[in-house]
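So the structure is just underneath, and the comments pick up after that.
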Ligand code: SF4
Ligand code: SF4
């Protein structure tokens, strides 16, 4: 029978395997996304779910969250957040594109 310690070790090994795999995939994907000084990130508002992942990875404080009213007043909740790029602060590093779970961010020419 599997012991608790074996289970913990197996879980840790699996988490490491997933982390390595994700890092490799991100590295491969990053090389396919245009970036650099001539580019800037752009958020498609209706795809953004306000999850805050992009602001966490952005080292340049180039992403702000704002609150947007719901379409219906019946759904007036304070949690409808959206991300927007601070144009002058964005360095075109692409990290936010990789972090976004809904593919709401893309790189465009500056
Ligand atoms: S491209 Fe880089 S600097 Fe620009 S908003 Fe995304 S994470 Fe921040
Ligand atoms: S990571 Fe994507 S979905 Fe999440 S707040 Fe940023 S742009 Fe919106």
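Please treat every number below as a calculation from the coordinates, not as lab data. Note that this is a predicted model, so its numbers are computed, not measured. Cβ coordinates were reconstructed from backbone atoms using ideal geometry, including for glycine residues, and neighbour counts include every protein chain displayed.
Which ones in region 60-102 are near ligand 1 (Cβ under 9 Å from one of its atoms), closer than 15 Å to residue 30 by Cβ and assigned to a loop (DSSP other than H, G, I, E, B)?
91, 92, 93, 94
Cβ contacts < 6 Å: first residue under 22 Å from residue 98 (Cβ atoms), restricted to region 2-29; second residue assigned to a helix (DSSP H, G or I), any location; separation 6+ or different chain. Result?
26/98
Which ones in region 24-58 are part of a strand (DSSP E or B) and within 18 Å of residue 80 (Cα to Cα)?
Initial filter on region 24-58 (part of a strand (DSSP E or B)): 39-43.
The one that is part of a strand (DSSP E or B) and within 18 Å of residue 80 (Cα to Cα): 43.
What are the pairs with Cβ atoms under 9 angstrom where one residue, in region 58-72, is farther than 25 Å from residue 35 by Cα and free of Cβ contacts under 8 Å to residues at least 12 places away in the same chain and the other, located anywhere, is more than 11 Å from ligand 2 (Cβ to nearest atom) and in a loop (DSSP other than H, G, I, E, B)? Sequence gap at least six, or different chains.
Sorted first by the residue in region 58-72, then by its partner, the pairs are 69/76; 69/80; 70/76; 70/77; 70/80.
Go through region 33-79 residue by residue and tally those that are surrounded by fewer than 16 Cβ atoms within 10 Å (Cβ to Cβ) and away from ligand 2 (no atom under 11 Å from the Cβ).
Count: 21.
Quick one: what pairs do we get from region 82-105, first residue farther than 22 Å from residue 69 by Cα and in contact (Cβ under 8 Å) with a residue 24 or more places away in the chain, second assigned to a loop (DSSP other than H, G, I, E, B) and near ligand 1 (Cβ under 9 Å from one of its atoms), C-beta under 6 Å, 6+ apart or different chains?
Between residues of region 82-105 that are farther than 22 Å from residue 69 by Cα and in contact (Cβ under 8 Å) with a residue 24 or more places away in the chain and residues that are assigned to a loop (DSSP other than H, G, I, E, B) and near ligand 1 (Cβ under 9 Å from one of its atoms), the close pairs are 89/60; 89/61; 89/62; 90/62; 91/60; 92/35; 94/35; 96/58.
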